[in-house]
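Taking it in order: structure first as structure tokens, then the write-up.
Every read-out reported here was derived from the displayed coordinates using simple, explicitly stated rules and does not represent laboratory data. Predicted model, so just to flag it, every value in this text is computed and none were measured. As a convention, Cβ positions derive from the backbone with ideal geometry for all residues, glycine included, and neighbour counts pool all protein chains shown.
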Amino acid sequence: MIDLHCHILPMIDDGAASLNEALAMARFCATDGITHIFATPHCHKYVHLLRDTILPHVVLLNEQLKIANIPVTILPGSEIQVTDTIEYRREFEAGVYCHLGDRKDFTLLEFNWACDQFPSDAAELVRWIRAQNMTPILAHPERYDYFWKDPAKLQALVDAGAWVQVTVDSLIGNHGPLPKVAGEAMLRKYPEAVLATDAHNMSRCSGMSAGYAWVREHLGPARSDDLRIRAESVLASAITAL
């Protein structure tokens with residue numbers, strides 16, 4: 001299995017607080033059946049991590065995983081928050097972002113939790129990203145209350161070409177009842193979706209198998225397989241380009 005969204009790089013954002021914690025997360029993931037993890041540290045106003053910082057940390061963690069004999073491969077990425085689309089485009093064109101796999105096929109986007117920070121031209125930005133031959137994946141849309149209250153906001157992003165990434169912890173109820181309901185609804189409504197852990201530490205690290213099991217039980221094996229295949233396509237794009 002592949003995890004497309006994980007804060008496993010140690011001591012870099014609000015994820016793993018130490019190398020030991022990062023290794024513990026990796027061991028748990030390996031036991032869960034995860035073989036590849038996209039490390040996606042934050043890139044927002046307060047923790048603005050760019051590719052030149054992220055890439056060496058990925059190399060170092062992979063070295064430590066080999067030493068510890070943990071059969072998991074870390075790939076680079078970041079969770080890029082968009083509040084100002086003009087600034088996003090400027091940094092995008094400057095080539096400073098770390099997209100998934102440090103390639104130009106997929107990128108992980110998030111928005112601010114506050115509705116007034118959601119850019120009014122977000123759908124236009126998604127279309128612009130798609131015009132760059134890249135697919136934006138929207139991190140944890142089921143957790144934004146403004147998408148619950150105004151589903152047309154999310155619909156516009158999907159119509160523009162974005163995928164949605166639903167978090168395992170939302171589906172199994174760890175983020176409360178509303179994200180769970182929203183996550184199920186989004187998986188039912190939007191075909192182009194993926195699952196991820198958004199794990200930050202051992203207290204917030206449920207793995208991937210619980211998510212696929214939930215989907216199999218509630219949405220059927222075909223949907224579970226579809227989600228897994230879509231995640232594998234993201235991995236394939238990263239590995240093929242290496």
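Can you figure out the FRET efficiency of A114 with N69, using R₀ = 51 Å and their beta-carbon distance, to the nearest 0.05?
It comes to 0.70.
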(request) Describe numerically, in nm with one decimal, the distance between label points set 7 Å from Cα along Cα→Cβ at R130 and at L178. (result) 2.9
(message) Run the helix sum for the chain: -39,500 (n - 2.57) per DSSP H stretch of 4+ residues, divided by residue count, reported at 222 nm to the nearest 500 deg cm²/dmol.
(response) -14500 deg cm²/dmol
(request) Provide the gained length on full extension for the span A156 to S203, in nm with one decimal, where the gain is 0.36 nm per separating residue minus the Cα-Cα distance. (result) 13.5 nm
(message) Please list, in order, the residues from the stretch 142-163 whose amide nitrogen is less than 17 Å from a point placed 7 Å along the Cα→Cβ vector of A185.
(response) 142-159
(request) Please state the charge dipole magnitude for the chain, taken about the Cα centre, from unit charges on C-beta atoms (+1 on K and R, -1 on D and E), reported in debye and rounded to the nearest 20. (result) 380
(request) Please work out whether the stretch 128-207 counts as rounded, prolate or oblate from its C-alpha gyration tensor, where a ≥ b ≥ c are the square roots of the eigenvalues and a/c under 1.5 means rounded, while otherwise a/b larger than b/c means prolate and anything else oblate? (result) oblate
(request) Could you check the simple spin-label distance between T83 and L19, using points 7 Å along Cα→Cβ, in nm with one decimal? (result) 3.4
(request) Go ahead and set up a Gaussian network model of the chain, Cα springs under 10 Å, then flag whichever of T53, T107, T83 fluctuates most. (result) T53
(message) Per-residue counts of other Cβ atoms within 10 Å, averaged by peptide: what ranking do you get for 113-123, 196-206, highest first?
(response) 196-206, 113-123
